[in-house]
Amino acid sequence: MQDLSKYSITQLRALEVQVIDALKTQHFLSISQAREQILHIARSAGLSDKQLLAIKVPKTPKPGKVEVKYRNPADPKQQWSGRGRQPAWIKALLASGKSLEDAKP
């Protein structure tokens, strides 16, 4: 490594530009190389470029809603699935000496 403390601001800025250009070039080259490898594998498997591009990756399904396990006895609109942080009304319920069983629907 070079001792950069002896460089002026102008020299450091010029060096920064060179480093950024070199990084962009290396990134582009690695992407191009990966692309060529993918195309080579696809052609070896008998796929054309168009067939390769037409392949659709299946989307992963989004998780559904979790069933409500607890309802606030004082206000049934307030619900909690039992996951994540406890809502304030659950904390207050527990602090009053009641259990989570008292909040089950």
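The values are calculated or read from the model by the stated rules, or taken from the named source; none is laboratory data. Keep in mind the model is a prediction, meaning the values are calculated, not measured. Here the Cβ positions follow ideal geometry from the backbone for every residue, glycine too, while neighbour counts run over all protein chains shown.
Some observations on this one:
- Condition check for LEU47: outside any helix (DSSP H, G or I), surrounded by 10 or more Cβ atoms within 10 Å (Cβ to Cβ) and more than 24 Å from the chain's Cα centre (by Cα): yes
- Qualifying residue in the range 36-48 (condition: touching a residue at least 12 places away in the same chain (Cβ under 8 Å) and under 30 Å from GLY84 (Cβ atoms)): no
- The condition of being more than 30 Å from GLN2 (Cβ to Cβ), in a helix (DSSP H, G or I), of a type outside the set (Lys, Arg) and not assigned by TED's automatic domain parsing to the domain that holds GLN86 holds for only one of GLU36, GLU16, that being GLU36.
- Residue count for the range 49-65, restricted to those that are farther than 30 Å from ARG83 by Cβ and of a type outside the set (Asp, Glu): 7
- Each residue in the range 52-81 was checked for being touching a helix residue (DSSP H, G or I) at 6+ places or on another chain (Cβ under 8 Å) and part of a helix (DSSP H, G or I), and 1 of them qualify.
- Boolean, PRO61 is under 30 Å from ALA103 (Cα atoms) and without any contact (Cβ under 8 Å) to a residue 60 or more places away in the chain: no
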